[in-house]
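What follows is one structure encoded as structure tokens, with my remarks underneath.
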Amino acid sequence: MIEISQQESFDFLSEDYAELFARSDATAFQHPIWLDRLHKVLLPARGAEAVTLLGRYRGRLVFVMPLIRRRFGPLSLYDAADLGVSDYNAPIIDRTLLAALERDEALRNQLRHALPRWALTRIRKVRPEQIALVNSLGASRATFMELNAHEVALSAPFGEWRSRTLDPAFSHFLDKKRRLLAKKGEITLTALQDPAEMEAALTTMVAFRAKRWPNDALKDPANFAFYLDVARAGQACGFSCMYRMDAIGAPGAVMFGLRHRGRFLFVLLAFDFERLRNYSIGLLFIESVIEQCIARGDSVFDLTVGDEAYKDKFATHAVPMQACWAGPTPMPALCDLAFARFLKLRARLQPPQRPVTAS
């Protein structure tokens, strides 16, 4: 029997959770450091109410699903705990439990009631390989979002990967831009390790982005503190990476990303648009980081969610995101349709926002 419980305060840095995460196929956005900082830094700033679903099998922690509860009078809506910073949401489920589920129908039936039964639950930004796991907890409806992630497979050596993967015209374009920029001065790529340098780089990123998007979310002190905390804590164990590219004697671009099981996930990017826009430094920066990823043995460069056109230049393939719903019938279907119409109405009423491009 699986013992299912809800906990409003869960220690994501506990040994129990670290061991479960290692035994699961969850994504980098369920990493102990990421979820710990999300709950300790962002949740208080947002005034959100955390509810974490826990499952124990024979005393061992076998699944965790981090949620946020929103109350609308007598009604409750549970959302995946991402607060706008996590690109992928997924339950953290022990592979041993998955094997047991294949053999034991009673266990499967019990797990299907893990999600709150008399409230609506919505888990968005679910990768295709995670859909079955979400459904195993009791989701009854899954629909495609108008949103994709984009990723490209990597292989060594870099030169062969580049010639085999990138369009020759794009490679020529990058070479031309790099030569033009190099004529102005040395171009250097630095993987930052010093905490003070990380804070300075993130501050530079805020300044770069604010010039193009005055209401950029990174200006929010809570978001800034969250990313800085993750960068500092994650660097020591190889979970996070922050890069700075210097050009013409000054910082030209900054990137923050995560590493998980051979996958580099690109999370934030900013560059000096006013000074370096004619050199396509964003594209040069991404190519340079890809070269670094290949050198250390990474197998996937994941540009995460968002359908910005520049991602296609790196021969990425699209990974469709889905949204899963659970609750009393027919609430999931009705709310899914209502939410889709709301998004379309909002898109018509709000002026389009420029994406964070890399060109």
Open item on the list: I'm trying to understand the selection: among the residues of the range 76-100, which are more than 19 Å from residue 48 (Cβ to Cβ), out of contact with any strand residue (DSSP E or B) (no Cβ under 9 Å at 6 or more places or on another chain) and either open to solvent by less than 20 Å² (accessible area, probe 1.4 Å) or not hydrophobic (A, V, I, L, M, F, W, C) (or both)?
Closed with: 95
- [ ] From the list 83, 77, 38, 67, pick out the single residue that is part of a strand (DSSP E or B) and under 21 Å from the mean Cα position of the chain (by Cα).
- [x] 67
Open item on the list: Please go through (1) over 27 Å from residue 108 (Cα atoms); (2) touching a Leu at 6+ places or on another chain (Cβ under 8 Å); (3) surrounded by fewer than 17 Cβ atoms within 10 Å (Cβ to Cβ) for residue 42 and return the number of the only condition it doesn't satisfy.
Closed with: (3)
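Of everything in the range 73-91, what is in contact (Cβ under 8 Å) with a residue 12 or more places away in the chain and over 19 Å from residue 256 (Cα atoms)? Give them in sequence order. Break it down stepwise before answering.
Just the residues of the range 73-91 that are in contact (Cβ under 8 Å) with a residue 12 or more places away in the chain, to begin with: 75-91.
Matches in the range 73-91: 75, 76, 77, 78, 79, 80, 81, 89, 90, 91.
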Open item on the list: Let me confirm something: among 246, 229, which residue is in contact (Cβ under 8 Å) with a residue 40 or more places away in the chain, open to solvent by 40 Å² or more (accessible area, probe 1.4 Å) and not aliphatic (A, V, I, L, M)?
Closed with: 229
TODO: Please specify each residue of the range 182-203 satisfying the condition of being open to solvent by 40 Å² or more (accessible area, probe 1.4 Å) and either part of a helix (DSSP H, G or I) or basic (Lys, Arg) (or both).
DONE: 182, 183, 184, 195, 196, 197, 199, 200, 203
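Here are some residues: 294, 248. Which one is modelled with pLDDT of 95 or more, β-branched (Val, Ile, Thr) and in contact with a helix residue (DSSP H, G or I) (Cβ under 9 Å, 6 or more places away or on another chain)?
Working: 248 fails: modelled with pLDDT of 95 or more.
The match here is 294.
The values are calculated or read from the model by the stated rules, or taken from the named source; none is laboratory data. Keep in mind the model is a prediction, meaning the values are calculated, not measured. Note that we place each Cβ from the backbone using ideal geometry, even for glycine, and neighbour counts take in every protein chain shown. For the accessible areas, the whole protein counts, side chains as well, though only heavy atoms, and no ligand, DNA or RNA atoms are used. Shrake-Rupley method; radii C 1.70, N 1.55, O 1.52, S 1.80 Å.
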